[in-house]
Amino acid sequence: MRERIVTARCLLSLAAAAMLAGPALAQSAAPQDEGNPLVNIFKYGGTTKPPEAPPSLDDVYCPTIDVAEGGSSLQTMAGGTVRTQIRLGQLSRSCRPAEGGSTLVTVGVQGMVLLGPGGAPGRFTAPVTVTLKSGSQVIGRRSRQAVAAIPAGQASGSFTVVEEGFVVPAAQAKDFEIEVGLGSPSKPARAPRRKPAAAPADG
């Protein structure tokens, strides 16, 4: 009988020690993503912590694409006549969450090159510019010369551009714009230089 009492007291002492040691184990193991098995049973219903679910794509802000002013079409001339007319077609974009609350953006552009009266079949380039901005701040901008081939006997050809890896910082991830246009980004016009005033003639 005495041995049973001693054994019971030992078990109670071990259980109490485990309860006291529990919080310390949980704190030391947490950085290793292992956790305390006893704590995990009550928190997650199992001895191990389940993997964290990735952010839902429904929570990622992904604005529609705007076409830059005057950037939906572009003409090239030859001898005073239209050689080609370049037009934007289908535009697409995708956004997915990244580290630190940032957003990764991919932009796709399809377009068409049409022959004009002064054109002939061949290979043509279409200057495409993709810009991501937040207000007046440019987050990222890329310009690429897309290529369209028009075979003999045809009057048009298509081109495709896919720009990946735009990173929108977390601070702008909920308030940014995507803009696509044909041609290079417009540069502000420089003010004309003023000619120095002529010195007055001596009387």
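Values as computed for the structure displayed
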| read-out | value |
| --- | --- |
| Members of region 123-140 found to be farther than 14 Å from residue 173 by Cα and surrounded by 15 or more Cβ atoms within 10 Å (Cβ to Cβ), listed by number | 124, 125, 126, 127, 128, 129, 130, 131 |
| Residue match in region 155-163 (condition: at negative phi, of a type in the set (D, E, K, R) and surrounded by 13 or more Cβ atoms within 10 Å (Cβ to Cβ)) | yes |
| Options 106, 76, 84, 125: the member that is assigned by TED's automatic domain parsing to the domain that holds residue 142, polar (S, T, N, Q) and in contact with an Asp or Glu (Cβ under 8 Å, 6 or more places away or on another chain) | 106 |
| Residues of region 130-160 satisfying the condition of being in a strand (DSSP E or B) and either farther than 19 Å from residue 86 by Cβ or not assigned by TED's automatic domain parsing to the domain that holds residue 84 (or both) | 132, 133, 134, 137, 138, 139, 140, 141 |
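The values are calculated or read from the model by the stated rules, or taken from the named source; none is laboratory data. In this text the structure is predicted, and so the values were computed from the model without any measurement. Every residue, glycine as well, gets a Cβ built from its backbone with ideal geometry; the counts of neighbours run over all protein chains shown.
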